[in-house]
1. Taking Cα centroids, how far is the stretch B:126-157 from the stretch A:69-117 in Å?
2. Once you average over the residues of A:164-173, how many Cβ atoms of partner chains fall within 10 Å of each Cβ?
3. Are there any GluC sites (Glu not before Pro) in the stretch B:394-490 that are in a DSSP loop and have at most 11 other Cβ atoms within 10 Å? List them by number.
4. Return the long-range amide H neighbours of B:Ser268 (sequence gap of 5 or more, or a different chain), with a cut-off of under 5 Å between placed amide H atoms.
5. Pairs A:Lys175/A:Lys208; B:Lys153/B:Lys277; A:Lys52/A:Lys111; A:Lys108/A:Lys171; A:Lys108/A:Lys208; A:Lys111/A:Lys171: which exceed 22 Å Cα-Cα?
6. In terms of modelled amide H atoms, which long-range or inter-chain residues lie less than 5 Å from the amide H of B:Asp319?
7. Taking amide H positions as placed in the peptide plane 1.01 Å from N, state which residues far from B:Ile464 in sequence (5 or more) or on other chains have amide H under 5 Å from it.
8. What is the Cα radius of gyration of the stretch B:348-391 over 2.2 N^0.38 Å, N being its residue count?
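What follows draws every value from the coordinates through simple rules; no lab data is involved. What you see is a predicted model, and the numbers here were worked out from it, not measured in a lab. Note that each Cβ is placed from the backbone with ideal geometry, even for glycine, and that neighbours are counted across all protein chains shown.
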Amino acid sequence: MSTISRASDRISRYGVLLLALTLVGGLYTAFYAPKSSATEQQPASSQSMAVKEGRDLFLTGCSTCHGLNLQGGAGGPTLIGVGASAVVFQVESGRMPLNAGEVQAPRKQPKYSVAEVDQLAAYIQSRGGGPTLPPGSLTDGDLAMGGELFRTNCASCHNAGGAGGALTYGKYAPKLQPASPRVIYAAMQHGPESMPRFGDNQLSVAEKKSITRYVSYLTKAGQPGGNDLGRFGPVPEGLVVWLVGIGSLVVLTLWIGNRA
Amino acid sequence: MSATTHDDGPVLTGEPIAPTTLGGKAVAGSAAWMDDRISGSNFVRRSLNKVFPDHWSFMLGEVALYSFVILLLTGTYLTFFYDASTREVIYAGSYLPMKGITMSQAYASSLDISFDVRGGLLMRQIHHWAALLFMASIVVHLFRVFFTGAFRKPREINWVIGVLLMILGIVEGFAGYSLPDDLLSGTGLRIAYSIMLSIPVVGTWVAFLVFGGEYPGDAIIERLYAIHILLVPGIILGLITAHLMLVWYNKHTQFAGPGRTEDNVIGSRLFPAYAAKAGGFFFLVFGVLAALGGFAQINPIWNYGPYDPSQVSAGSQPDWYVGWLDGSSRLMPNYEIRELGHTIPLNILLPAVVMPGILFTLMIVYPWLESRFTGDKGYHNILDRPRDVPVRTAVGVMSITFYVVLLLSGGNDIIAHVFRVSVNHTTYAGRIGLFVLPPLAYVLTKRVCYALQRSDEELLHHGIESGTIRRLPSGEFIEETVPMPVPQRLALRGVESDRPMLQGPTAHGVEGHATGPGHGDLHMVETAPAKVRGFFFEKKASGSTAAPRPESSTPELETSGRPSQPE
Ligand code: HEM
């Protein structure tokens, strides 16, 4: 449990940072607002320095595919209105920026720091809004409720142990072990690829926080029974009994047989 | 092993009688003591002097026996804490993520075993690993028996018992898998229920009878518990006893070798050599299982959660020994017959009822099928080397290939996920593989058998390369060969090795001999249609097969009367 609460401490620190940045940035952008803002809906006060930083990051790292004005293009879809959560999910899990050529953008080593992710998120959020992560700790929900909700809503794709699983035609639900609480929560809000979107009326904020807590526990707390064999269930168990069980015993019978 | 049923079989004689080792003498003394009190005959002494041949592959069956013993021991421990009740309770044990969740008593007690009973998790894990090992060792034991022809007369009954044990093991394992009443248990039971429903006419009736009404009902766990800890283990125990008594009565088979004939057994005496070895081996099996139970997690029921019909987890698989049926269902296209208001779901009926029914029947009758084909009605106590009976070996490898394709298809979603291929492609690959790979395996195996026969022939006729290079006066270099040592030669030559004329170095170079048991089985020559027999034991080794062997005209007898020829 201590790992989880430490993680949530870190997250609330990020939350404070994000808030501070937004305030400072709001003053800044009062003087320096982006020009081509046809979809501008935010009041000027919520613009920020983060938005400005985010815009710079976006122009260098993302605009080749998503267009200079987030309008999208041949390389990628429009990002107007996808919301901060989508950015957190895609960039913090290393999926974006994308390498071309895969059925599904795989998780990679993230290219941006968490602070930079927040700047990108603030920028893209400023252009059309969309879902954002709720303030406060993301993991202060109820563990048992999270478990039940996870098994009902998520295990059919991600496996009850969080090991992930194959979907049709080469698509897959990834394993959840590397996901940070932010990415877990953002995944539910964003609904990437074939994953359904769990809006606040499907799963309330408290329920999503419970799931986030459970998934963090499930994947980080360790398993009591020894090596978890990848958590894929009976298939690796069968493999182990043949390779290790029968394998070692055949070697032992040969050994005994030789000492006849 | 009960004294009354034991009798030295009429078939074999020739066990060494007097114990010579020190331990042997000590035991002989106490055996005599026992005999004086119990039987009046020298049964105990004779039993302890019973001879078992040594070959590593003869110990595979023992792995199954010892796993079963471990299943009994760990299973009994589990019964102290397990409560097979579907009564709903609210969990209050020490596993945090389940606190306050409503679940069945069966699931709650399984969680308690895992988290709150001392040594409980270890016992559960050893029990489950032992179940997997039990089934795996039955299967490898069966391979050994099949490929060496050990199922032939007079051991057909034991073959049938073996197949029954395997089927009962599957049933027992499935029942056990269902007991914890977690999500996987329930998913498995639901599939079992729909398999029962798929049977035409009686399906619904059978399913309701077994489940005590509509699925899931609240009777099934208690029923499975009785089946799991009483009924099936009882039958298995009885069959194992019969199995071992028959091994005792028929005596163990042996591979050809110096002094070994159809009429004797050469090996170590039961006591002390064999008993020490077997006892040691029990602890090795136990050690492997304890290590698995201690270090490798199996069936983490706390992750799957209590059974809830609205949930299903990715990667829900049965244990490996049921995996082939899951695989056949996954490969089967989605056909149904709708007639007169009834639906016959062929997509379940064929892969999960008809296919295994046919395969198990074929397995059970195989000894008779083979003897029908070869016309071989004789007794066999000397084992075949697989290469010497290419068709049987090829049939075996073909069947294993078929089975493995099904087994892999049962895990195709995991394979697809781990190797990043499309599940759809693995399904197509399985469908094609199921029909293409087995015949391929058949042809390849036969070829490998011939190649091995040929290399044996080579060794027999030209000897072993010695590594000494010699220069001939003509300037040519040759490598010297030495004739094979007699024991090895006898092992290669199979049954007929025992013929006096082949004993000793002079036998080297006897030409015109086809070697191997296939040709030594003379009774066949007289009974089987030559063509069929030729197919089964076909031999492509060097041209020497053509010449008829003069000594073929004296059929070897299977009856006793021959003294043993210990080496
Ligand atoms: C061939 C023999 C047997 C096989 C193949 C077998 C197999 C299994 C399997 C696969 C399980 C599920 C284990 C788990 O992960 O929880 C199980 C559970 C169980 N078995 Fe067996 N078993 C055998 C014999 C026995 C015997 C002889 C007993 C009792 C005397 C026994 C008592 C139990 C009990 C009480 C459970 C429930 C444990 C739980 O839910 O935690 N088993 N068995």
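1. 55 Å
2. 6
3. Working: sites: B:Glu457, B:Glu458, B:Glu465, B:Glu476, B:Glu479, B:Glu480; in loops: B:Glu476.
The qualifying sites are B:Glu476.
4. B:Phe52, B:Asp54
5. The answer is B:Lys153/B:Lys277; A:Lys108/A:Lys208; A:Lys111/A:Lys171.
6. Placed amide hydrogens put nothing under 5 Å from B:Asp319.
7. Amide H neighbours of B:Ile464: B:Val482, B:Met484.
8. Values: Rg = 14.6 Å, N = 44, 2.2 N^0.38 = 9.3 Å.
Dividing the Cα Rg of the stretch B:348-391 by 2.2 N^0.38 Å gives 1.57.
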